[in-house]
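Here's the structure, in C-alpha coordinates; my notes come after.
The values are calculated or read from the model by the stated rules, or taken from the named source; none is laboratory data. Since this is a predicted model, take the numbers as computed values, not measurements. Here the Cβ positions follow ideal geometry from the backbone for every residue, glycine too, while neighbour counts run over all protein chains shown.
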Amino acid sequence: KNEVEQSPQNLTAQEGEFITINCSYSVGISALHWLQQHPGGGIVSLFMLSSGKKKHGRLIATINIQEKHSSLHITASHPRDSAVYICAVRRKSSGDKLTFGTGTRLAVRP
Amino acid sequence: GAVVSQHPSRVICKSGTSVKIECRSLDFQATTMFWYRQFPKQSLMLMATSNEGSKATYEQGVEKDKFLINHASLTLSTLTVTSAHPEDSSFYICSALDRGYRYEQYFGPGTRLTVT
(Lines give C-alpha, C1' and ligand atoms only; values in the text may rest on other atoms or scores of the structure.)
Protein backbone atom coordinates (compact mmCIF):
# COMPACT_ATOMS: atom_id res chain seq x y z
CA LYS A 1 0.00 0.00 0.00
CA ASN A 2 1.34 3.42 -0.94
CA GLU A 3 2.01 5.84 1.90
CA VAL A 4 0.11 8.53 -0.01
CA GLU A 5 -3.10 7.56 -1.78
CA GLN A 6 -5.13 9.82 -4.02
CA SER A 7 -8.64 9.43 -5.32
CA PRO A 8 -9.96 9.44 -7.88
CA GLN A 9 -7.16 8.55 -10.26
CA ASN A 10 -9.03 10.05 -13.19
CA LEU A 11 -11.79 12.61 -13.19
CA THR A 12 -13.81 14.17 -15.98
CA ALA A 13 -16.04 17.14 -15.23
CA GLN A 14 -18.17 19.63 -17.08
CA GLU A 15 -17.15 23.25 -17.00
CA GLY A 16 -18.61 24.95 -13.94
CA GLU A 17 -18.75 21.85 -11.76
CA PHE A 18 -17.40 21.72 -8.23
CA ILE A 19 -14.50 19.26 -8.02
CA THR A 20 -12.99 17.45 -5.06
CA ILE A 21 -9.75 15.46 -5.08
CA ASN A 22 -8.83 13.48 -2.01
CA CYS A 23 -5.50 12.52 -0.47
CA SER A 24 -4.96 10.08 2.40
CA TYR A 25 -1.63 9.31 3.98
CA SER A 26 -0.43 6.79 6.52
CA VAL A 27 2.65 8.44 8.00
CA GLY A 28 3.34 11.30 10.35
CA ILE A 29 3.88 14.48 8.40
CA SER A 30 5.12 17.99 8.97
CA ALA A 31 3.44 19.42 5.85
CA LEU A 32 1.36 18.46 2.84
CA HIS A 33 1.67 19.96 -0.63
CA TRP A 34 -0.81 20.12 -3.47
CA LEU A 35 0.91 20.40 -6.86
CA GLN A 36 -0.41 20.93 -10.37
CA GLN A 37 1.28 19.49 -13.44
CA HIS A 38 0.13 20.59 -16.88
CA PRO A 39 0.63 18.48 -20.02
CA GLY A 40 3.84 20.35 -20.80
CA GLY A 41 5.32 18.89 -17.63
CA GLY A 42 6.06 21.90 -15.44
CA ILE A 43 4.96 21.63 -11.83
CA VAL A 44 3.36 24.45 -9.89
CA SER A 45 2.99 24.38 -6.14
CA LEU A 46 -0.61 25.26 -5.30
CA PHE A 47 -0.66 24.94 -1.53
CA MET A 48 1.45 23.90 1.40
CA LEU A 49 -0.60 22.95 4.48
CA SER A 50 0.17 21.84 7.98
CA SER A 51 -3.29 22.47 9.42
CA GLY A 52 -6.71 23.88 8.65
CA LYS A 53 -7.67 25.37 5.34
CA LYS A 54 -6.22 27.61 2.64
CA LYS A 55 -7.91 29.38 -0.26
CA HIS A 56 -6.49 30.89 -3.40
CA GLY A 57 -8.92 32.08 -6.02
CA ARG A 58 -11.14 29.15 -6.98
CA LEU A 59 -8.96 26.63 -5.20
CA ILE A 60 -9.46 25.51 -1.61
CA ALA A 61 -7.31 23.02 0.27
CA THR A 62 -8.13 21.47 3.61
CA ILE A 63 -6.30 19.09 5.87
CA ASN A 64 -7.37 17.00 8.86
CA ILE A 65 -4.24 15.91 10.69
CA GLN A 66 -6.06 13.52 13.04
CA GLU A 67 -7.69 11.68 10.14
CA LYS A 68 -4.58 11.93 7.93
CA HIS A 69 -6.63 13.30 5.08
CA SER A 70 -6.57 16.31 2.79
CA SER A 71 -8.87 17.54 0.05
CA LEU A 72 -8.38 19.90 -2.85
CA HIS A 73 -11.52 21.61 -4.11
CA ILE A 74 -11.95 23.52 -7.34
CA THR A 75 -15.02 25.73 -7.59
CA ALA A 76 -16.53 26.74 -10.94
CA SER A 77 -14.14 24.49 -12.83
CA HIS A 78 -12.79 25.60 -16.20
CA PRO A 79 -11.08 23.73 -19.05
CA ARG A 80 -7.80 25.44 -18.15
CA ASP A 81 -7.94 23.55 -14.82
CA SER A 82 -7.30 20.34 -16.78
CA ALA A 83 -4.06 18.95 -15.40
CA VAL A 84 -2.66 16.31 -13.09
CA TYR A 85 -3.01 17.20 -9.42
CA ILE A 86 -0.46 15.65 -7.10
CA CYS A 87 -0.54 15.36 -3.33
CA ALA A 88 2.88 15.19 -1.65
CA VAL A 89 3.76 14.93 2.02
CA ARG A 90 6.83 15.91 3.97
CA ARG A 91 7.32 13.04 6.36
CA LYS A 92 8.50 13.85 9.88
CA SER A 93 11.07 11.06 9.57
CA SER A 94 12.49 12.13 6.19
CA GLY A 95 13.54 15.71 6.73
CA ASP A 96 12.78 17.80 3.68
CA LYS A 97 12.12 14.96 1.23
CA LEU A 98 8.64 14.67 -0.27
CA THR A 99 6.64 11.49 -0.78
CA PHE A 100 4.28 11.76 -3.72
CA GLY A 101 0.85 10.38 -4.47
CA THR A 102 0.23 8.93 -7.91
CA GLY A 103 -1.75 11.96 -9.02
CA THR A 104 -5.28 12.65 -10.18
CA ARG A 105 -5.75 13.37 -13.87
CA LEU A 106 -8.50 15.97 -14.28
CA ALA A 107 -10.17 16.83 -17.57
CA VAL A 108 -12.71 19.64 -17.61
CA ARG A 109 -14.91 19.70 -20.70
CA PRO A 110 -16.39 22.95 -22.05
CA GLY B 1 6.12 32.99 -5.88
CA ALA B 2 9.75 31.98 -6.08
CA VAL B 3 11.15 30.89 -9.44
CA VAL B 4 13.29 27.92 -10.31
CA SER B 5 14.63 27.53 -13.84
CA GLN B 6 16.01 24.53 -15.67
CA HIS B 7 18.16 24.44 -18.74
CA PRO B 8 17.81 23.02 -21.28
CA SER B 9 14.09 22.36 -21.48
CA ARG B 10 14.62 19.67 -24.11
CA VAL B 11 17.72 17.82 -25.20
CA ILE B 12 18.37 15.02 -27.66
CA CYS B 13 21.69 13.25 -27.47
CA LYS B 14 23.32 10.14 -28.86
CA SER B 15 24.04 7.02 -26.84
CA GLY B 16 27.34 7.21 -25.05
CA THR B 17 27.46 10.96 -24.71
CA SER B 18 26.99 12.99 -21.52
CA VAL B 19 24.34 15.59 -20.89
CA LYS B 20 24.33 18.32 -18.26
CA ILE B 21 21.11 19.78 -16.87
CA GLU B 22 21.16 22.98 -14.82
CA CYS B 23 18.77 23.95 -12.05
CA ARG B 24 18.81 27.53 -10.77
CA SER B 25 16.93 29.29 -8.02
CA LEU B 26 16.41 32.78 -9.40
CA ASP B 27 15.31 34.83 -6.42
CA PHE B 28 16.36 32.93 -3.33
CA GLN B 29 19.31 30.96 -2.06
CA ALA B 30 18.83 27.22 -1.96
CA THR B 31 21.21 25.18 0.16
CA THR B 32 19.20 22.10 -0.76
CA MET B 33 17.89 21.07 -4.16
CA PHE B 34 16.24 17.83 -5.23
CA TRP B 35 16.43 15.95 -8.51
CA TYR B 36 13.50 13.86 -9.67
CA ARG B 37 12.80 11.62 -12.59
CA GLN B 38 9.36 11.06 -14.06
CA PHE B 39 8.28 8.36 -16.48
CA PRO B 40 5.15 8.85 -18.62
CA LYS B 41 1.96 8.87 -16.59
CA GLN B 42 3.83 8.11 -13.39
CA SER B 43 4.58 10.20 -10.37
CA LEU B 44 7.89 11.80 -9.53
CA MET B 45 10.69 9.61 -8.26
CA LEU B 46 13.33 11.23 -6.09
CA MET B 47 16.80 10.52 -7.42
CA ALA B 48 19.01 12.51 -5.09
CA THR B 49 19.26 15.38 -2.67
CA SER B 50 21.81 18.02 -3.62
CA ASN B 51 23.41 19.99 -0.80
CA GLU B 52 25.50 23.08 -1.43
CA GLY B 53 29.14 22.51 -0.65
CA SER B 54 28.83 18.79 0.06
CA LYS B 55 28.23 15.50 -1.71
CA ALA B 56 24.78 14.65 -2.93
CA THR B 57 22.73 11.99 -1.18
CA TYR B 58 21.42 9.42 -3.62
CA GLU B 59 18.28 7.33 -3.22
CA GLN B 60 18.55 3.57 -3.23
CA GLY B 61 19.00 2.16 -6.71
CA VAL B 62 20.26 5.39 -8.28
CA GLU B 63 23.79 5.07 -9.70
CA LYS B 64 25.87 7.94 -8.40
CA ASP B 65 28.54 7.45 -11.07
CA LYS B 66 25.95 7.69 -13.80
CA PHE B 67 24.03 10.65 -12.46
CA LEU B 68 26.61 13.16 -11.27
CA ILE B 69 25.31 16.00 -9.15
CA ASN B 70 27.19 19.18 -8.35
CA HIS B 71 25.85 21.95 -6.15
CA ALA B 72 28.64 24.48 -6.34
CA SER B 73 26.73 27.60 -5.37
CA LEU B 74 23.64 28.60 -3.41
CA THR B 75 21.65 29.10 -6.62
CA LEU B 76 22.88 26.36 -8.96
CA SER B 77 22.80 22.59 -9.00
CA THR B 78 23.70 20.49 -12.03
CA LEU B 79 22.81 16.93 -12.97
CA THR B 80 25.06 15.24 -15.51
CA VAL B 81 23.85 12.04 -17.12
CA THR B 82 27.03 10.27 -18.13
CA SER B 83 27.33 7.74 -20.96
CA ALA B 84 23.66 8.12 -21.69
CA HIS B 85 21.59 5.18 -22.90
CA PRO B 86 18.12 5.14 -24.42
CA GLU B 87 16.70 3.90 -21.09
CA ASP B 88 17.86 7.17 -19.53
CA SER B 89 15.32 8.98 -21.69
CA SER B 90 12.91 10.60 -19.27
CA PHE B 91 11.62 13.84 -17.82
CA TYR B 92 13.97 15.25 -15.18
CA ILE B 93 12.66 17.81 -12.69
CA CYS B 94 14.50 19.71 -10.00
CA SER B 95 13.16 21.51 -6.99
CA ALA B 96 14.80 24.01 -4.67
CA LEU B 97 14.10 24.39 -1.00
CA ASP B 98 13.56 27.91 0.27
CA ARG B 99 14.35 27.83 3.97
CA GLY B 100 12.92 31.29 4.48
CA TYR B 101 9.80 31.90 6.53
CA ARG B 102 7.61 29.92 4.13
CA TYR B 103 9.98 26.92 4.12
CA GLU B 104 8.70 25.62 0.79
CA GLN B 105 9.93 23.67 -2.22
CA TYR B 106 9.68 25.26 -5.64
CA PHE B 107 9.82 23.14 -8.76
CA GLY B 108 11.59 23.76 -12.03
CA PRO B 109 9.82 23.37 -15.39
CA GLY B 110 11.60 20.12 -16.17
CA THR B 111 13.98 18.85 -18.85
CA ARG B 112 12.93 16.24 -21.36
CA LEU B 113 15.90 14.05 -22.28
CA THR B 114 15.80 11.80 -25.32
CA VAL B 115 18.73 9.49 -25.95
CA THR B 116 18.90 8.05 -29.46
Number of the exception - A:Thr102 against (1) at pLDDT below 95; (2) under 21 Å from B:Tyr103 (Cα atoms): (2)
Long-range neighbours under 6 Å by Cβ, at least six apart or interchain, first residue at the interface with chain A (Cβ under 10 Å from one of its Cβ atoms) within segment B:38-53, second β-branched (Val, Ile, Thr) and in a strand (DSSP E or B): B:Thr49/B:Thr57
Wholly enclosed strands (runs of 3 or more DSSP E) of segment A:1-80 bearing at least 2 residues of a type in the set (S, T, N, Q) and modelled with pLDDT of 95 or more: A:4-7, A:10-14, A:19-25, A:59-64, A:69-74
Every residue from segment B:89-111 that is more than 14 Å from the chain's Cα centre (by Cα), in a strand (DSSP E or B) and either within 8 Å of another protein chain (Cβ to nearest Cβ) or at positive phi (or both): B:Glu104
Qualifying position, being within 14 Å of another protein chain (Cβ to nearest Cβ) and either surrounded by fewer than 19 Cβ atoms within 10 Å (Cβ to Cβ) or aliphatic (A, V, I, L, M) (or both), among A:Ile43, A:Ile74, A:Ile65: A:Ile43
Odd one out for A:Asp96 among (1) away from chain B (no Cβ under 12 Å); (2) within 22 Å of B:Met47 (Cβ to Cβ); (3) not aliphatic (A, V, I, L, M): (1)
Residue match in segment A:89-98 (condition: farther than 22 Å from B:Gln38 by Cβ and either surrounded by fewer than 18 Cβ atoms within 10 Å (Cβ to Cβ) or touching a Gly at 6+ places or on another chain (Cβ under 6 Å) (or both)): yes
Residue selected from segment A:46-58 under the condition more than 19 Å from A:Arg91 (Cβ to Cβ) and free of Cβ contacts under 8 Å to residues at least 24 places away in the same chain, by the criterion nearest to the other protein chains (Cβ to nearest Cβ): A:His56
